[in-house]
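Taken together, the values in this text are just the output of simple stated rules run on the coordinates, not laboratory data. Given the structure is predicted, the values throughout are model-derived calculations rather than measurements. Here Cβ is always computed from backbone atoms with ideal geometry, including for glycine, and neighbour counts include all displayed protein chains.
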There are 2 protein chains.
Amino acid sequence: MKDNNDMPGHLARRFQQIAVAVFLAEVGEAGFDLTPVQYAALATIKANPELDQVTLAGLIAYDRTTITGVVDRLVQKGLVERRASPRDRRARALEITDEGRRTLRKITPAVESAQAIMLRGLSAREGEELMRLLRKAIAAGNELSRAPLREVDLKA
Amino acid sequence: MKDNNDMPGHLARRFQQIAVAVFLAEVGEAGFDLTPVQYAALATIKANPELDQVTLAGLIAYDRTTITGVVDRLVQKGLVERRASPRDRRARALEITDEGRRTLRKITPAVESAQAIMLRGLSAREGEELMRLLRKAIAAGNELSRAPLREVDLKA
DNA sequence: CAATATTGATCAGTATACTGACTATCAGTA
DNA sequence: TACTGATAGTCAGTATACTGATCAATATTG
């Protein structure tokens, strides 16, 4: 009988579980209250002014129904503003606030330390190899989830 | 600036997301309605008669507050029975039903095909290496999540 | 340009995960 | 045995994820 430890699905779940716990612990110790998902969204909003929610979802591979709540919480924390888009009255244009920028800047060391802790059982070479293999498997499976990654031409 | 693709946390989330989608698609096509989490719980209950919920949680690294709902749903589907433990009046003794056994047997091909699809971008060697590195990283981080894996002496 | 299709956002409902609290019970010890 | 501490299970509350539906607005096309 196949052991759990031979199931990539089980290993995926477990690694993710640890990754989230480590992220929350590091960020929490640094005095911030931000989830991994909120962090990625905030960083992406900062990098792409006037981003709408669907495009944001595509850039970080979130489901469009999930992004609504994530942005809600970022807005509630005062890190992001949700305005009406000037080009499309259906869309919201997201903008990072000054406090969002400040938070992002101050939180970075904790985020990077979290990434290191997740890989602490591996040598640097192994860590690189793990990331390479994950990237490759993810690229091949991108279209299999409801929320695939979408690279977008943003200068439009 | 660090790209998402250099963040093990982001890759972990993404790989897990694809793994769950693939599992649900394969199992659904085979005519079953079972999540990855429910499947692992069911298989573990089958392998360990009279298992209590905390031990079950430890064997598959679920949070004890999560296991309640998972077992609820297995019971509701008629795949598991939740009895009073003969030894400890606090505990529940979980038993797989005949239908649970049948389901587990018939669902196995779909589960294995799902595991293969998750790795379809990788060669066999790369797939093995990915699992090895995940196992190693997970072992090092086991205690960092609220729901660590607990290997238990079950013949007690 | 009118009918149709598509798209951005949200909502209701379900299923993990986790935090923190609580009850009932058990185990160890003074 | 009475006290203390630990343990099994559950619950309320919050945050991802996803399914499927809906509404409003935009695009497409006959």
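Key figures for this structure:
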| item | result |
| --- | --- |
| Whole-Hz ³J(HN,Hα) from phi, Karplus 6.51 cos²θ - 1.76 cosθ + 1.60, for the stretch B:60-77, glycine and proline x | 10, 6, 9, 6, 5, 7, 7, 4, 3, x, 4, 5, 3, 6, 5, 5, 4, 7 |
| Separation in nanometres of the label points that stand 7 Å from Cα toward Cβ, at residue A:35 and residue B:125 | 4.0 |
| Cα-based Rg and Dmax for the protein assembly as shown, where Dmax is the largest Cα-Cα distance (Å) | 21.0, 68 |
| Per-residue HN-Hα couplings for the stretch B:49-57 [Karplus 6.51, -1.76, 1.60; θ = phi - 60°; Hz; x = Gly/Pro] | x, 6, 5, 8, 5, 5, 5, 4, 4 |
| Farthest toward positive dipole pole in chain B [+1 Lys/Arg, -1 Asp/Glu at C-beta], among B:86, B:20, B:117 | B:86 |
| Two-site label geometry, residue A:3 and residue A:65: point separation in nm, points 7 Å out along Cα→Cβ | 3.8 |
| Cβ-placed point charges (K, R +1; D, E -1), dipole of the stretch A:7-144 about Cα centre in debye, nearest 20 | 200 |
| Kirkwood Rh and Cα Rg combined as Rg over Rh, evaluated for chain A | 1.00 |
| Pairwise centroid distance, computed over Cα atoms, of the stretch A:98-119 with the stretch A:29-95, Å | 17 |
| Amide H partners (placed H, <5 Å) of residue A:51, local residues excluded | A:94 |
| Cross-link pairs B:77/B:136; A:46/B:136; B:2/B:136; A:77/B:2; A:46/A:136; B:106/B:136 - those with Cα-Cα distance over 30 Å | B:77/B:136; A:46/B:136; B:106/B:136 |
| Simple spin-label estimate for residue B:89 and residue A:108 in nanometres, 7 Å along Cα-Cβ | 6.1 |
| Cβ-vector label at 7 Å, residue B:123, separations to other copies in nm | 2.0 |
| ³J(HN,Hα), Karplus 6.51/-1.76/1.60, whole Hz, each residue of the stretch B:134-141, x for Gly, Pro | 4, 4, 5, 5, 5, 4, 6, x |
| Helix-derived mean residue ellipticity, 222 nm - over chain B, DSSP H n ≥ 4, -39500 (n - 2.57), to 500 | -20000 deg cm²/dmol |
| Inter-copy separations for residue A:98, label at 7 Å along Cα-Cβ, nm, ascending | 7.3 |
| Cβ-vector label at 7 Å, residue A:5, separations to other copies in nm | 3.2 |
| The protein assembly as shown - charge dipole about Cα centre, Lys and Arg +1 at Cβ, Asp and Glu -1, debye rounded to 20 | 360 |
